[in-house]
Amino acid sequence: MTRHKLNKNPVEGFSAGLIEDNDLYRWEVLIIGPPDTLYEGGVFKAHLTFPKDYPLRPPKMKFITDIWHPNVDKNGDVCISILHEPGEDKYGYEKPEERWLPIHTVETIMISVISMLADPNGDSPANVDAAKEWREDRHGAFKRKVARCVRKSQETAFE
């Protein structure tokens, strides 16, 4: 996936590019919080780090901007099926076709992440505290923490 191709076919809700022009393995993405979600209005920065054997193996994705979400651990690492190593899930939770496939691109990853923001998977949390709040107090404590992250993301988006 080249930056040129992304610019020719932009996907709504994010932008992506190389962190440094001479390093094709490290990308920075800006994700706009999806409309009609608690993340609406947020501008969340993340890094995608591709392995040398991409596309056979998935990149790692880490939010740089603070984000409170059941599927993002407290260090910012994103935990969704599409970014899990290909093949069988040893726990039997995910089907092989839900996991990484070499046909995935930056666009399909970002569409999955934007979908994750809109619809968290509380059954497989990376952040157990956020998942518990999302299940038990979605319109209270969870919503307040997300709102703080959205405000902070707006203040720091273009630093």
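The values are calculated or read from the model by the stated rules, or taken from the named source; none is laboratory data. It should be emphasised that the depicted structure is a prediction, and the values quoted were computed from it without experimental measurement. A quick note on method: Cβ atoms are made from the backbone with ideal geometry, for glycine too, and the neighbour counts reach across all protein chains shown. Calculation scope for accessible area: heavy atoms of the full protein, side chains included, ligands and nucleic acids excluded. Shrake-Rupley method; radii C 1.70, N 1.55, O 1.52, S 1.80 Å.
Which residue out of Glu98, Glu85, Glu133, Glu107 is modelled with pLDDT under 95 and in contact with a helix residue (DSSP H, G or I) (Cβ under 6 Å, 6 or more places away or on another chain)?
Values: Glu85 fails: in contact with a helix residue (DSSP H, G or I) (Cβ under 6 Å, 6 or more places away or on another chain); Glu133 fails: modelled with pLDDT under 95; Glu107 fails: in contact with a helix residue (DSSP H, G or I) (Cβ under 6 Å, 6 or more places away or on another chain).
Only one candidate qualifies: Glu98.
When you scan segment 22-37, how many residues do you find that are over 17 Å from Val106 (Cα atoms) and either charged (D, E, K, R) or open to solvent by 70 Å² or more (accessible area, probe 1.4 Å) (or both)?
Count: 3.
Of everything in segment 65-99 that's surrounded by 11 or more Cβ atoms within 10 Å (Cβ to Cβ) and among the small types (Gly, Ala, Ser), which residue is nearest to Val43 (Cα to Cα)?
Gly76
Which numbered condition trips up Ala131, out of (1) open to solvent by less than 50 Å² (accessible area, probe 1.4 Å); (2) under 21 Å from Gly13 (Cβ atoms); (3) among the aliphatic types (A, V, I, L, M)?
Of the numbered conditions (1) open to solvent by less than 50 Å² (accessible area, probe 1.4 Å); (2) under 21 Å from Gly13 (Cβ atoms); (3) among the aliphatic types (A, V, I, L, M), the odd one out for Ala131 is (2).
Residues are listed down the side, and each one gets a yes or a no for (1) part of a helix (DSSP H, G or I); (2) at pLDDT below 95:
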position: Asn7; (1), (2): yes, yes
position: Pro10; (1), (2): no, yes
position: Tyr39; (1), (2): no, no
position: Trp68; (1), (2): no, no
position: Asn75; (1), (2): no, no
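Might you check whether a residue that is in contact (Cβ under 8 Å) with a residue 12 or more places away in the chain and either closer than 15 Å to Val29 by Cα or in a helix (DSSP H, G or I) (or both) occurs anywhere in segment 94-104?
Scanning segment 94-104 turns up at least one residue that is in contact (Cβ under 8 Å) with a residue 12 or more places away in the chain and either closer than 15 Å to Val29 by Cα or in a helix (DSSP H, G or I) (or both).
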